[in-house]
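First comes the structure, then the notes that go with it.
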């Protein structure tokens, strides 16, 4: 979520920033920069998509510089998956692989020089990467999609409007690194890239130099803030929720809204799990005891009937 032109002074931020979950006000308990010293404190899973359509071979050296920058930027606990995308999405490196930047770059080079195809289904590629990013396990919860392209979509069955609607829940920030001159980039594609990036909390950059594009992306990651929230009345697990953020500034109110799947912090989730275990234990005890109680009741009733008949016979 982007709130541009906002003074990030913590005291002013706490005073002027209003946050609600499902229209319930939440307390802003802490604000921390995402960068501390020379490292990003929030572990991240990067899904890197490299456009390998027929127009991209001319930019291979710039793609190589971007990939080298991304591999160097990722921390020891970060994860990265790399995909080639033209008329379909193809896995080059998965999250668990330790492939080096050189090996990945060589695979991308082969795709660009030998397998470059007509068709550039970037919107479908982003959607598929989004699904993979949401479903992946054993990777950091902060997940980011990075698309490296020279711009333009051809032969894609998915439109930019379709993609924007699809990305509206559980947003993964989408960052566009567009190789080319700003005045020569496809205007419709650039407009769609800006809209998709803004809607998902990412950003869109245009430059004909790979190292400049990487520097812009790196700065965008380092300038973020982590806001810790407390909402006493929101305790449901895996519930779709609306997060509304508004900022009262000198130029009036800035407001943004996002939908997400809300999950409690780990310590709260442990409490929920304990409650669930407790309920399960009670249920198990009742399953064992109830038949025993019913059997005992039946035996007592039969005994009482037999005793009653015996008394009548006498």
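Read the figures in this text as sums done on the coordinates, not as results from a lab. Note that this is a predicted model, so its numbers are computed, not measured. Every residue, glycine among them, receives a Cβ derived from its backbone with ideal geometry; neighbour counts consider all protein chains shown.
What's the FRET efficiency of residue 195 with residue 20 using the Cβ-Cβ distance as r and R₀ = 30 Å, to the nearest 0.05?
Working: r = 24 Å, r/R0 = 0.81.
So, using R0 = 30 Å, E works out to roughly 0.80.
If each residue's Cβ is checked for other Cβ atoms within 10 Å, how do 165, 94, 23 rank with the fewest at the top?
Working: 165 11, 94 14, 23 7.
Taking fewest neighbouring Cβ atoms as first place, the list is 23, 165, 94.
Give or take rounding to whole Å, what are the principal axis extents of the alpha carbon atoms in the stretch 36-223, in descending order?
For the stretch 36-223, the Cα extents along the three principal axes come out at 40, 35, 30 Å.
Of all DSSP beta bridges in the stretch 95-211, what percent run antiparallel (nearest 5)?
Numbers: 1 of 10 bridges.
Expressed as a percentage, antiparallel bridges in the stretch 95-211 total about 10.
Which of rounded, prolate or oblate describes the stretch 42-87 when judged by the alpha-carbon gyration tensor and an a/c cut-off of 1.5? Don't skip to the answer; put the middle values down first.
On the way: a/c = 4.75, a/b = 1.83, b/c = 2.59.
Since a/c reaches 1.5 but b/c is at least a/b, the shape of the stretch 42-87 is classed as oblate.
Give, in nm to one decimal, the length gained when the segment between residue 154 and residue 35 is fully stretched (0.36 nm per residue of separation minus the Cα-Cα distance). Please list the in-between numbers first.
Values: separation 119, 0.36 × 119 = 42.84 nm, distance 3.82 nm.
Result for the pair: 39.0 nm of gain on full extension.
Rank the residues 157, 121, 231 as a footprinting-exposure proxy: fewest other Cβ atoms within 10 Å of their Cβ go first. All intermediate terms of the calculation are to be shown ahead of the outcome.
Numbers: 157 8, 121 22, 231 17.
Fewest-to-most Cβ neighbours within 10 Å comes out as 157, 231, 121.
Sorting 105, 149, 41 on the 10 Å Cβ count, fewest up front, what's the list? Present the calculation step by step, with values, prior to reporting the outcome.
On the way: 105 22, 149 27, 41 12.
By the 10 Å Cβ count, ascending, the order reads 41, 105, 149.
Rounded to the nearest 0.05, what FRET efficiency do residue 257 and residue 137 have when you use their Cβ-Cβ distance and R0 = 25 Å? Kindly include the intermediate steps, with their values, before the conclusion.
Details: r = 28 Å, r/R0 = 1.14.
Working from the Cβ atoms, E equals 0.30.
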